[in-house]
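**Q** Here it is, the structure, as structure tokens.
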Amino acid sequence: MTETAGPDRDLAAWADGVLARIDAQEGLDGELLAALGRGPSLREETLARMAEAVRAAALGFGPAGCAAAAGVPERLLLNWQDHNPAFAAAMSGARALARSHGSDGNGAARPPAPAALLVLLQAIRAGAQHASAAALAGMPRAALSRLRKERPKVNALILAARRARPKRADRRGSSTYAHRYRLVSVDDAPSSPQGGSREGQF
């Protein structure tokens, strides 16, 4: 046994625990709804994912990153913007907010936010290559490599996300949002003022 085997093992266990807590957090809404005696609805699910996309836009994510943060395909996110003026305005305002706070005041880019790390880990866990996952999270590949070297915990989380990937046969054709769908009851989900098509809704 090498001298670093113990610390490395402890770090890996910590990272696995963080991923487990992320999974538990994603199931929290379902537990709370069950406590209320009902299941998730299409309207609530769509609004929650729209809110996640707006939050991601405010943090400086691009369209693909916003979609990944919301757990939906990018095409669906664009469809929402095309058919829901209020959501389109919210996304536009969030992007303007991100632009107005795009540096630390000295012209330097801000360090990655926890939300960016979360998107990175979810993308890697779903089977994305590191470069693709970094792009979704708004991180240049060189910046990600530097972060992994400088922050052992970040590297441990990335390795844990890779360990948590489904078997190759199970992730064939998968995407960064494929494992985040859940059954919802259909109700009056947000749509266009004219009624619009439900294409792309859950």
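The values are calculated or read from the model by the stated rules, or taken from the named source; none is laboratory data. Computed from a predicted model, the values in this text were never measured in an experiment. All Cβ positions, glycine included, derive from the backbone under ideal geometry; neighbour counts span all protein chains shown. Areas reflect the complete protein model, heavy atoms only, side chains present, ligands, DNA and RNA absent. Shrake-Rupley method; radii C 1.70, N 1.55, O 1.52, S 1.80 Å.
**Q** Between ASN155 and HIS101, how high is the FRET efficiency from 1/(1 + (r/R0)^6) when r is the Cβ-Cβ distance and R₀ = 30 Å? Nearest 0.05.
**A** That gives a FRET efficiency of 0.60.
**Q** Measure off 7 Å from each Cα along the Cα-to-Cβ vector at ALA113 and ALA142, then give the distance between these two points in nanometres to one decimal.
**A** 2.5 nm
**Q** Additional query: Can you give the log10 of the normalised intensity I(q)/I(0) at q = 0.15, 0.25 Å⁻¹, computed with Debye over equal Cα scatterers of region 31-125?
**A** So the normalised log intensities are -0.66, -1.25.
**Q** Moving to a separate point now. To the nearest 20 debye, what is the magnitude of the charge dipole of region 122-169 about its Cα centre, counting +1 on the Cβ of each Lys and Arg and -1 on the Cβ of each Asp and Glu?
**A** It works out to roughly 220 debye.
**Q** Okay, moving on. Please work out the average accessible area per residue across region 1-138, using the 1.4 Å probe convention, and give it in Å².
**A** Result: 53 Å² per residue.
**Q** Along the charge dipole of region 22-96, which of ALA89, ILE22, GLY65 sits closest to the positive end, that is, farthest toward it, with unit charges on the beta carbon of Lys, Arg, Asp and Glu (+1, +1, -1, -1)?
**A** After comparing all options, I get ALA89.
**Q** Now, a different point. So what does log10 I(q)/I(0) come out to for region 115-154 at q = 0.16, 0.28, 0.35 Å⁻¹, using the Debye formula with one equal point on every Cα and no solvent?
**A** Those come out to -0.32, -0.96, -1.22, one per q.
**Q** Decide, for region 1-160, between rounded, prolate and oblate: order the square roots of the alpha carbon gyration tensor eigenvalues as a ≥ b ≥ c, take rounded if a/c falls under 1.5, and otherwise choose prolate if a/b is larger than b/c, else oblate.
**A** Judged from the Cα gyration tensor, region 1-160 comes out oblate (a/c at least 1.5, b/c at or above a/b).
**Q** Kindly give Rg over Rh for region 1-65, based on alpha-carbon atoms, with the Kirkwood expression for the hydrodynamic radius.
**A** 1.21
**Q** Can you give me the % of accessible surface on region 68-167 that is carbon or sulfur? Probe 1.4 Å, all protein chains present, nothing else counted.
**A** 55 percent
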